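The values are calculated or read from the model by the stated rules, or taken from the named source; none is laboratory data. Just so it is clear, the model here is predicted, and its values are computed rather than measured. Don't worry about glycine lacking a Cβ; one is built from the backbone with ideal geometry, like all the others, and counts go over all protein chains shown. Calculation scope for accessible area: heavy atoms of the full protein, side chains included, ligands and nucleic acids excluded. Shrake-Rupley method; radii C 1.70, N 1.55, O 1.52, S 1.80 Å.
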Amino acid sequence: MTSDRKAGDDVRTSEDRSFLILLAAISVAFGWVLWPFSGALLWAILLAIIFAPLYRRALETLPGKHNLAAFFTVVVVIVMVLIPVAVVIASLVDQGGELYQRVQSGEISFAHPLQQLRSALPGWAASLSDRLARMDLSALKERLSGLVVPAGQQLAGHAINIGQLTLEFVASLLVMLYLLFFLLRDGEDLSARIRDALPLRPSQTAEILDAFTLAVRGTIKGIVLVALIQGALGGLIFWLLGLTAPLLAGALMALVSLLPVLGSALIWVPAALYLFVAGAVTKGLILLAFGTFVIGLADNFLRPILVGQSIQMPSYVVLLATLGGLATFGANGFVIGPLVAAMFLTTWHIFVASKAQQGARK
């Protein structure tokens, strides 16, 4: 009797293991099928989490009309997010091509500021700089132009391709909007199914899913939104001062603002020094003051307000996660990296807490 029961348990255990292997294989195959639209799926999930409160408010206004509330939210996403992003990208391509043309035509030249800088140096410093560089100013100009011109030439050469909407991009965009509609409408049911399917304790499942939601909102608000605000402020001051390619400069500031300590200063400090050397002292002082007291302090004031308790990660973790995400996943890694880091910290926090509780019970 006991041997028969043990044999039956072994059979059931073998069947369970076989089913788990089959489940894992089918899940991997399904993920492989969906991989071409992984970016669309990712952004549909992110936007659904971010705009879920707006959907719930729309549903309160339109009780029982889930489809209409989800459709309204999708329209808001198109107007507030997609259209502005498309306009900014088109403007960036246009300003990048214009910058290349001005450098190529000689309208923007490095020779005159470098000559002024060399003239301001003492004789021994000027000779020392020449020996260190081992080249004259014309050669330095050629090197700097050699860095700028090919990049601009490549950008101008591909401007038409970048500006045009390819079939793949349109398909991904439509898939994202389609998924966003259903994620908004059926989000609560999907969340409940995920909670039931995860092989974890209910408390652990709830903490992980809640942490993921907070990490998404905290990442978008605390990293992406703050970077966009700093970039917008930088582009604004470049435009007010009449400097070249303000939108391009703002985009670069938004990108490098992820770097702790230095951040957007990597863009506006060299620009201010260039203005000083070029003789535009007033503009240089204005840019330096605006960068220090407005752009530089925006992160310190805005991040605590926008993030609150949503996500708490050291700046070096954010930096490494963002750079690693960009290197691994491309442009989507800008968000994936910090999200993975946030979930890493959350799961280890749960593990340590569970271990501490088990130790206390003993």
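Answer with yes or no whether A206 is free of Cβ contacts under 8 Å to residues at least 60 places away in the same chain, among the aliphatic types (A, V, I, L, M) and more than 17 Å from F351 (Cβ to Cβ). The answer is no for A206. Across the stretch 53-76, the number of residues qualifying as assigned to a loop (DSSP other than H, G, I, E, B), open to solvent by less than 80 Å² (accessible area, probe 1.4 Å) and out of contact with any helix residue (DSSP H, G or I) (no Cβ under 8 Å at 6 or more places or on another chain) comes to 1.
Could we say that I229 is modelled with pLDDT of 80 or more, over 18 Å from P338 (Cα atoms) and assigned to a helix (DSSP H, G or I) here? Answer is yes for this residue. Residues of the stretch 180-204 that are exposed (fewer than 13 other Cβ atoms within 10 Å of the Cβ) and either acidic (D, E) or at positive phi (or both): E188, D189, D196.
Taking helices (runs of 4 or more DSSP H) that do not extend beyond the stretch 232-293, which have at least 1 residues that are at pLDDT below 85 and closer than 24 Å to P338 by Cα?
246-256, 265-278
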